[in-house]
Structures are given as C-alpha cells and as structure tokens.
Amino acid sequence: MEYRRLGKTGLKVSALSYGAWTTFKTQADLEKAKELIQACVDAGVNFFDNAEVYANGEAEVIMGQAIKDLGLRRSDLVLSTKVFWGGPGPNDRGLSRKHVIEGTQAALARLQTRYVDLLFCHRPDPDTPMEYRGTSEWSPGQIEQALGIAAHLNLQPPVMEQPEYNLFERKKVESDYAALYDSWPGLGLTVWSPLASGILTCKYGGGGTAAAAAAPAGSRLALEEHKAKLATRAHHIAAAERLKPIAEELGCTPAQLALAWTLTNPRVSSAITGGRVRENMGALAVLPKLTPEVVKRMERALADALAAAAEAETAAKSEAEAVAEAEVQK
C-alpha cells in the first residue's frame, strides 16, 4: 500500500481507502462488512470514511461494530465522518454549533470510538457561520471564506476537502481548487466516486451502446435511488467501454485502470472505494504502468466518445425538431 500525506496536516492516509456510502446496511450486513474491512486491512488500507446520513446512521453502527469484533487497534486506523444531515428535527441538520456537537457525539457513539481523525462538514450551510475542520463538496469561494474566518478568529482552518473526482468529473479538483493546494494552510483531498458510481467498471456497458445499458443485480445503479443514472448517464456508460482495450493491454480490469488514473494526480491523498475490495486494491499495481502516453490515450478515448455522443444527441434533436416543424406546416 502507498501512503500519502493529507495536504499539509502531516497525517498519512492509504492511497486507496474504503467508504461506507451505499454499501453498509444497503448492500452489506455486519458479517459482510467485517469481511470487507478485514480485506481492506490485509491490503494495507488505514482510512475508512463514513457519514451520519449514510443509511441513516446505520452505516456507522455497522462499521463501529465490525471494527470492534475484528479487534482492530484504533491507533492503526484513520476514521472520518461527516455532519450535516442528521435527522428530521429542525436542529438535526445543518452546521449550527448545536448540531455539529450533537451530531459528532452521536456519530462517536455509533462508531464506538472516543474520537474521529477527520470531521467533514458534509455540505455548506448558508445559514451558519462557524469554525470549520474539513469540507465536502464546497466551492473554492466557500472554502476561502472559511479560511478568512478562521484566520480572523484564530481558529483551526479547513485543511481537507472531499469532492467527487473521476475521469468524467475533473474540473473542481484540477482547476477550481488549484489556488488552494499550496496556499496557507494547504488542502488535502479524499475523493469520492472514483469509479463514477461504478460506470467506469464497464459493468453497465451493454457493448458500448447507450440503449443497451443495464444494471446487474446488486450493483449500485440497480438501487432504486440510482436507477435514473442508466438514462441520464448513458453517454458516460457507453464512453467507458472505450477503456476496455487499454485495460486489456495493461493486464488489469477497467475498474483498476480508472482507480489508478485517479491516483496519478498527486493532489489526491486518498481515493475512497467500496464494494470489490480485492479487485480495487489491485489498482496500486497498475499505477506504475500509467505512463503519460497511456493517460493521454485514456483521456482521448473518453473525450472522443463523449464528443461523438454529443454530436449524435444534437443531430437527433435537430431531426426531432424538423419532424415537429413539418407536422406543424401540414
């Protein structure tokens, strides 16, 4: 396992980590969770991510019990959680001082631990000015505002952010945050959805045609709350198929290829994974094979596929408009 510094904090996290979102409770009970966590630990993973909203807190319960049952030493682990969506009450969500304190205390009880190593504000709360620790899906301007408040009040500034980052979602990490990485106090990234909700595994591909996309039983897009992505992200599903030949050349799976690509960005401290632990950990062996030339081939293949999909969509729209106009003129 490779370990990377989280921004300028000095804390080292495994380059590949494990997150409980959509997995624990939803797709994995306690026994399965213990199996997954043990597989992660065996592979050298030390960072485990969670949030109070995941499975309405049950994901934290399962993770905490699994860690206890496995007898893992707390000091060997880096645990994170996030506060924002804590429940239905008027003070059970947001970033008020009350909810941050009570939400964190509740998370610690569910995780059966005295402390978490990383605490994220899961989303920005426009109603609440406060002292910050880490952020998730905040804009650069919001982070800069938090930095200014922290400096003015001599408080701990935000030092980490958890954005989405994958071959289809790149702008925030590669452009928007650029000025924050090396400025005070630095910014470390623990990125989520490096496989774009599983799309980059190519398991939804149907041979590369958007119309043939389908979700295998037990997959993320088979879940009710994610099914719509089969249609809304059909162009991504079809484009991901272009990575298969490159993966075959390198002797790896498309998932390992996509994860390794994420780690080629030195700004990424850890890519949060889920599901197929042993396969995902194999991405570390692929990373040295991703030469600049291979990376360019990957990015060009996806760009060409997405451009072709956009052209086809524009042509189909124009044809539909022409047909509609002809009907009107009849």
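Please state the equivalent ellipsoid semi-axes for the stretch 170-313: what are the square roots of 5 times the Cα gyration tensor eigenvalues, largest first, in whole Å?
Working through the eigenvalues yields semi-axes of 25, 17, 17 Å.
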### Query
Per residue, how much accessible area does the stretch 213-311 show when a 1.4 Å probe rolls over the protein heavy atoms, in square angstrom?
46
### Message
On the Cα set of the chain, report Rg and Dmax in Å, please.
### Response
21.2, 77
### Message
Under the 0.36 nm per residue contour assumption, what length would be gained going from the current alpha-carbon distance of K227 and E279 to full extension?
### Response
16.3 nm
### Solvent exposure, largest accessible area first (probe 1.4 Å, DNA, RNA and ligands not counted), of K82, K25
K25, K82
### Message
Could you compute how much accessible surface W21 exposes when probed at 1.4 Å, giving the result in Å² to the nearest 10?
### Response
80
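Okay, helix-only estimate at 222 nm for the chain: each DSSP H run of n ≥ 4 adds -39500 (n - 2.57), divide by all residues, round to 500 deg cm²/dmol; what do you get?
-12500 deg cm²/dmol
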#### Entry: Exposure rank, largest accessible area first [I37, I149; 1.4 Å]
I149, I37
### Query
How would H152, H99, H236 line up by accessible area, probe 1.4 Å, largest first?
H152, H236, H99
### Task
Describe numerically, in nm with one decimal, the distance between label points set 7 Å from Cα along Cα→Cβ at D92 and at A214.
4.0
### Task
Run the 1.4 Å probe and let me know the accessible area of Y3, rounded to the nearest 10 Å².
110
### Task
Starting from the Cα of K296, draw a straight line to each of the lysines and keep only those under 25 Å, dropping any in the same chain fewer than 8 residues away.
K171, K172, K203, K244
### Task
Evaluate the stretch 54-100: find the radius of gyration of its Cα atoms, find its Kirkwood radius, and give the ratio Rg to Rh.
1.08
### Query
Measuring from the lowest to the highest alpha carbon on each principal axis, how far does the stretch 88-162 reach, largest first, in angstroms?
33, 27, 23
### Task
Kindly state, to the nearest 0.05, the FRET efficiency for S139 paired with Q105, given R0 = 41 Å and r defined as their beta-carbon distance.
0.90
### Query
Charges only on Cβ, +1 for Lys and Arg, -1 for Asp and Glu: so what's the dipole of the stretch 235-321 about the Cα centre, in debye to the nearest 20?
520
### Separation in nanometres of the label points that stand 7 Å from Cα toward Cβ, at W184 and Y115
2.5
### Unit charges on C-beta of K, R, D, E only; dipole of the stretch 87-217, Debye
380
### Task
Run the 1.4 Å probe and let me know the accessible area of L119, rounded to the nearest 10 Å².
40
### Query
In nm, to one decimal, how far is the modelled label at E174 from the one at K12, with both set 7 Å along Cα→Cβ?
3.0
### Query
In nm², what is the average projected area of the convex hull enclosing the Cα atoms of the stretch 1-154?
9.5
### Message
How much of the DSSP bridge set in the chain is antiparallel, in percent, rounded to the nearest 5?
### Response
20
### Query
Ignoring ligands, DNA and RNA, what percent of the 1.4 Å accessible area of the chain is carbon and sulfur?
52
### Summary
In debye to the nearest 20, the charge dipole size for the chain, taken about the Cα centre with +1 at each Lys and Arg Cβ and -1 at each Asp and Glu Cβ, equals 800
### Query
Which FRET efficiency value, to the nearest 0.05, is calculated for T314 and L153 with the Förster distance at 45 angstrom and r the Cβ-Cβ distance?
0.30
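The values are calculated or read from the model by the stated rules, or taken from the named source; none is laboratory data. All figures in this text were calculated on a predicted structure; none of them were measured in a lab. Counting neighbours? That spans all protein chains shown, and the Cβs are built from the backbone with ideal geometry, glycine included. These accessible areas exclude ligands, DNA and RNA; they are computed on the full protein's heavy atoms, side chains included. Shrake-Rupley method; radii C 1.70, N 1.55, O 1.52, S 1.80 Å.
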